[in-house]
Amino acid sequence: HPGKLGSALMAAMVVPRRKAGGWDTAPEDAALVEEVSAPARGIASLAWLRPFASLQQLDLCHNRLTCLDGIEACALLRSIDVRDNLLDDPVRMVAQLGGLKRLERIDARQNPFSRHFTGGGMSPTTPALRPSGAV
């Protein structure tokens, strides 16, 4: 039986997997997981994030997200990568990320809304995407 740290490390390696009726939501120690990397898994919803209260880094690039509903469950989040999804409303995205006071880095390039900006993308540090109070 692995110790608490071992369980947390094992849990950190677990990524969401598709199952009948939705997504396998979380390992037992989801509250201890600080990083989730799930690129290109066809993820269209963040409802499965609720148990990940300690999450600090989230990589969901190359998925099917149209919004970030559910991200508010990750109050400790510092970095999010949502490149190449289906996000089309930057105002809604900023509102969804606005409550994440520790957020330092957002990478939202290559989404439908980014074609409206110079260069066809947005810098990860674009001030317009940084929630108020973010450093």
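Inside the range 29-42, residues that are within 19 Å of Asp107 (Cβ to Cβ) and buried (at least 21 other Cβ atoms within 10 Å of the Cβ) make up a count of 1. Within the range 50-100, can you find the residues that are part of a helix (DSSP H, G or I) and closer than 14 Å to Ser114 by Cα? Across the range 50-100, the qualifying residues are Pro90, Val91, Arg92, Met93, Val94.
If you go through the range 91-135 and keep only what is touching a Cys at 6+ places or on another chain (Cβ under 7 Å) and at pLDDT below 90, you end up with nothing.
The values are calculated or read from the model by the stated rules, or taken from the named source; none is laboratory data. Because the structure is predicted, anything quoted here is derived from the model rather than measured. Glycine also receives a Cβ, built like all others from the backbone with ideal geometry; neighbour counts cover every protein chain displayed.
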